[in-house]
1. Could you tell me what percent of the accessible area of chain B is made up of carbon and sulfur, with a 1.4 Å probe and every protein chain present?
2. Full extension from B:S195 to B:K209: what is 0.36 nm times the residue separation minus their Cα-Cα distance, to one decimal in nm?
3. What's the total accessible area buried between chains B and A, using a 1.4 Å probe, rounded to the nearest 100 Å²?
4. Could you give the size of the charge dipole of chain B about its Cα centre, using +1 on the Cβ of each K and R and -1 on the Cβ of each D and E, expressed in debye and rounded to the nearest 20?
5. What is the mean number of Cβ atoms from other protein chains located within 10 Å of the Cβ atom of each residue in peptide A:65-72, rounded to a whole number?
6. Under a point spin-label approximation (7 Å from Cα along Cα-to-Cβ), what is the A:T148-B:L58 distance to one decimal in nm?
7. Shape of chain B from its Cα gyration tensor (a ≥ b ≥ c, root eigenvalues): rounded if a/c is under 1.5, otherwise prolate when a/b > b/c, or oblate?
8. Calculate for the protein assembly as shown the 222 nm mean residue ellipticity that helices alone would give, adding -39,500 (n - 2.57) per DSSP H run of length 4 or more and normalising by residue count, nearest 500 deg cm²/dmol.
Amino acid sequence: MKFFHLLFISLLLSTAVSAQQFLTREGSLSFDAGSPLEDIMAETKSATAVYDAATGKIGVQVLMTSFNFKRALMQEHFNENYVESVKYPKASFKGFYTDGFAQGELTMHGVTKSVQVPAVLAETKDGMEFKTTFKVNLSEYDVSIPKTVSDKIDPYATITVFCVMKKRP
Amino acid sequence: MKCLVITLCLLICQLGFAQEDVFDLFEEEQAKEYAFATFKGTQLVNSATNETPGAGVLQYVIAHRFGSFGEDYLYNFLGLDNAQIRMQLDYGITDRLNVGIGRSSVFKVVDSFVKLRTLRQSSGPNPMPVSLTLLSSVNYRGARYTDGVDHLTTDRLSYHHQAIFTRKWNSKLSTLFSPSLVHWNLVPSVEDPNSTYNATLGARYKLTKRMALTGEYSLISNKSYSDGSVFTVPFGVGIDIETGGHVFQFHLSNTRGMSTPYWLSRNSYSALNGGLFLGFNISRVFTLRD
């Protein structure tokens, strides 16, 4: 009897822990490093986003090769020459959400930097919605832009995140 | 007994708590990833790679093979005065299907080809170790025959079918293995085989982000015809340089023909006798459809 008691309590406890977590693997994340000379935009719809309501921890992770560009060659150059996706397959943000700001560590191209960006996290009928738009200075993440194309690429890329996370069962 | 129960419960609790750090969920992700940019260009030196232009992209390739090192090459400015030329235009119908036409000045050959990417190298769930791309071409010899015999149009045709297996080992090294069949409608005599079997081995090694060393070597099944012509194994080494929409490939090879049956199955130059040629391929892509 006691066994079942304990089992029941521990099961309850474990579900209680995960019930406060939210997750999606179909978040959208786009970036724009274009200029008047060239459109450089890409989007992925397979970003992973997580949120833990108990701790306030929030994170977004994206697979670099999942970005879709309009032009195949641009996509190849992005992966091959700029972000080096084979060496650094993922980019992630790990941090906390508090009062309209997401604060934490942004890792991209093997470089980790502390960032604080304005963000919106709100519960909607679809789930937990996380939205943010911010700029990253590509040179801070050691993404080198050759001089010959420097007038075509914005050194400050705009990242837009929109993720609707579902409560984990 | 009690001890066991408690341990068991603790264990179960821990399973629950193990998920506590929400960032652990990042690690569980097992996405399928396809290999990209196995090679820089759609060809290595002469041999085709698995690469094709993206959907809606038109590619223009201009290639030269200069005169040989055996023929007064200083007088001929390293052979540049005796250039053979190939022009090629090809188009990506989808990201996996590519069609094109080309003309090479050796034997005035016009060719058309179809290239299809079938298997794609991938990692993650259900990984695929190699990519497989299929290539077929029809080649029409435009050069006049000098043997005084009337020739049918079909005599001028030759065919080439190739299975291109490629693997990108890491960000620097990619290799290629391409068994192929070349069929000649016309050979000197009935004793000579119409079909020859060949296998190309190739590799590229990236030196920097935009520059790579390339090399290829082909094995051939038929090395001579009854009329006395002798065929050598084709090889080439080169450098790929990429600048945005262009890929420049400079190389040294023992071949001058540029449509596949001619350089692969009927190459008559021997490097040992000065049959070495400088050459280049330059490609430019135009996005016609986004």
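The values are calculated or read from the model by the stated rules, or taken from the named source; none is laboratory data. These numbers were taken from a predicted model, which means no experiment stands behind them. Using ideal geometry, Cβ is built from the backbone for each residue, glycine included, and neighbour counts are taken over all protein chains shown. Note: areas computed on protein heavy atoms with side chains; ligands, DNA, RNA excluded. Shrake-Rupley method; radii C 1.70, N 1.55, O 1.52, S 1.80 Å.
1. 63
2. Here the segment from B:S195 to B:K209 would lengthen by 1.0 nm.
3. 3700
4. I would put it at about 240 debye.
5. 4
6. If labels sit at A:T148 and B:L58, their model points lie 2.3 nm apart.
7. Values: a/c = 2.61, a/b = 2.31, b/c = 1.13.
Note, shape of chain B comes out prolate.
8. Here the helix-only value at 222 nm equals -3000 deg cm²/dmol.
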